[in-house]
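Encoded as structure tokens, the structure appears first; notes follow it.
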Amino acid sequence: MSTSTPSYYQRHIFFCLNQRDGEACCADHDAQAMFDHCKARVKAEGLAGPGKVRVNKAGCLDRCAAGPVAVVYPEAVWYTYVDAADIDEIVESHLKNGQVVERLLTPPHLGR
């Protein structure tokens, strides 16, 4: 894809919903509910659809130690969130206005 070709979506947010047996995982931190909340907020704000924002489920994103995590592309910004208020802030600030929510950034050294 050439750099002059616009992306189908302006932004794409992926939520890790992975469940691990006996190991720390995003699913243990209400990731499904936060995914559902984000999807509803994006739709309510009129941000969903081609040329706008897509909210997607993901399997393991291999950042388990930082979970729960979500990542926004094309910027490749990783977030660690706690509750619906954090998701609201990501939607309003980053997905709607393009401003990274610094306080929710996943520490770069945290992986699996």
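If I filter the stretch 67-82 down to residues being touching a helix residue (DSSP H, G or I) at 6+ places or on another chain (Cβ under 9 Å) and open to solvent by less than 30 Å² (accessible area, probe 1.4 Å), which single residue comes out as modelled with the lowest pLDDT? Here the answer is GLY67.
Output the residue which, of all residues in the stretch 36-47 that are part of a helix (DSSP H, G or I) and either touching a residue at least 24 places away in the same chain (Cβ under 8 Å) or β-branched (Val, Ile, Thr) (or both), is farthest from ASP86 (Cα to Cα).
Going through the qualifying residues, I end up with VAL42.
Restricting LEU61, LEU95 to those that are assigned to a loop (DSSP other than H, G, I, E, B), surrounded by 13 or more Cβ atoms within 10 Å (Cβ to Cβ) and out of contact with any Ser or Thr (no Cβ under 7 Å at 6 or more places or on another chain) reduces the list to LEU61. Taken together, the criteria place ALA85 among residues that are part of a helix (DSSP H, G or I), surrounded by fewer than 13 Cβ atoms within 10 Å (Cβ to Cβ), among the hydrophobic types (A, V, I, L, M, F, W, C) and without any contact (Cβ under 8 Å) to a residue 60 or more places away in the chain. Taking each residue of the stretch 48-65 that is modelled with pLDDT of 95 or more and looking for partners that are open to solvent by less than 60 Å² (accessible area, probe 1.4 Å) and of a type in the set (Lys, Arg) with beta-carbon atoms closer than 6 Å, six or more apart or interchain, yields VAL53/ARG11.
The values are calculated or read from the model by the stated rules, or taken from the named source; none is laboratory data. What you are looking at is a predicted structure, and each value in this text was computed from that prediction instead of being measured. Note: ideal-geometry Cβ built from the backbone for every residue, glycine included; neighbour counts use all protein chains shown. Surface accessibility is based on the protein's heavy atoms, side chains included, excluding ligands, DNA and RNA. Shrake-Rupley method; radii C 1.70, N 1.55, O 1.52, S 1.80 Å.
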